[in-house]
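> Could you have a look at this structure, given as structure tokens, before my questions?
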Amino acid sequence: MASLEAEMLAFIRRGLDHHASTCPMAPRAILLNPGNYELFGWEELWGVPVLPDDRIAPKRFRIDCDGSAFGIEEEIEQEIHIKQPLIVPAYPGETGGE
């Protein structure tokens with residue numbers, strides 16, 4: 001069985017690779033739970049700073065970049081709050097209009 005540190009490194013590496021293939025923004029930092037940050041003692045991985053962040057659950061990480069979405073869920077909810085009834089066609093081909 002691999003150590004927690006080795007598992008986290010592999011997990012973070014896959015996350016960085018995924019980020020590089022799906023986000024045009026470069027990562028600013030790798031965010032770790034403060035306990036994991038202290039446990040591992042990493043200050044940088046693959047050229048990306050590692051920082052503690054209370055919002056991160058233990059054994060998890062988050063890649064912080066200009067496209068990061070922390071808190072975006074609440075902002076989106078406020079912006080798309082529907083104030084009128086939504087008309088949905090009941091049958092294919094109907095427009096939903098009157």
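Just so you know, all these numbers are worked out from the coordinates, no wet-lab data involved. On a predicted model such as this, the values are computed, not experimentally measured, just so you know. Reconstructed Cβ throughout: ideal geometry from the backbone, glycine too, with neighbour counts over all protein chains shown.
> Based on the alpha-carbon gyration tensor of segment 27-72 and its eigenvalue square roots a ≥ b ≥ c, which shape applies: rounded if a/c is under 1.5, prolate if not and a/b is larger than b/c, or oblate?
Details: a/c = 2.78, a/b = 1.23, b/c = 2.26.
Oblate shape, in that a/c is at least 1.5 and b/c is the bigger or equal ratio.
> Additional query: Quick one: putting +1 on the C-beta of Lys and Arg, -1 on the C-beta of Asp and Glu, what dipole do you get for segment 27-72 around its Cα centre, in Debye to the nearest 20?
Charge dipole of segment 27-72: 220 debye, to the nearest 20.
> So between residue 39 and residue 55, what do we pick up on full extension, going 0.36 nm a residue minus the alpha carbon distance?
Extra length available between residue 39 and residue 55 comes to 4.1 nm.
> How much length is gained on full extension from residue 29 to residue 13, taking 0.36 nm per residue of separation minus their Cα-Cα distance?
Length gained between residue 29 and residue 13: 4.5 nm.
> Something else now. Based only on other Cβ atoms within 10 Å, what is the fewest-to-most ordering of 4, 45, 32? Before the final figure, lay out each step's value.
Numbers: 4 12, 45 17, 32 25.
So the residues, fewest neighbours to most, are 4, 45, 32.
> What residues from segment 38-61 fall in the zone where the backbone N is under 18 Å from a label point 7 Å along the Cα-to-C-beta line of residue 3?
38-46, 59-60
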